[in-house]
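*Asks:* I have a structure I would like to understand better, so I am pasting it below and will then ask my questions one at a time.
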Amino acid sequence: MKRMLLSVVFIVLLAVPSIMAPISAEAKVKTFNDVQATHANYTEIMEMANKGIISGYPDGTFKPNQKISRKHVATLLSRAFPEKPVRLYRAEDLNKSDPYYNDIMRALGSDWLRTTSTFKVRPNDNMTRGEMAIALGALLPDDMYKAGSKKV
């Protein structure tokens, strides 16, 4: 579980908006033109691609140095942890026809994302380091926060 969480964190920090392309039911071993076996994150990227969590751009690239939006973080985490239920929340800047709607609702319900005080999700904004800390804090077991616990 810890390896999976660390792999997801690595990918979330490196991922790009286009990785959210729909995944076909007939998943093949995925490769990316711009992620060679010598890339520092090759193993994690390929593991997440082969598990169907990421999919890359339609042109066969992954673009590991691009920034990532809040809606894409929600989708990555939703795919990595599909057992979390989708709960309905008030989101002023999101509607049910949005392709990221269920993933964002799952992220809100799991405390991976939070809305602003005016109930805006800001799905297209890039995620800040502080927001990523909130998402990861919601994923870590409670005993990780106890005094004397090993830091991650």
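Since every read-out is calculated from the coordinates, none of them should be taken as a lab result. All figures in this text were calculated on a predicted structure; none of them were measured in a lab.
*Asks:* Quick one: of K30/K67; K30/K96; K84/K120, which pairs are farther than 28 Å apart, Cα to Cα?
*Replies:* In this structure, K30/K96 lie more than 28 Å apart at Cα.
*Asks:* Can you run phi through the Karplus equation (6.51, -1.76, 1.60; θ = phi - 60°) for the stretch 45-54 and list ³J(HN,Hα) in whole Hz, with x for Gly and Pro?
*Replies:* Listing the rounded values in order: 4, 5, 4, 5, 5, 6, 8, x, 7, 10 Hz.
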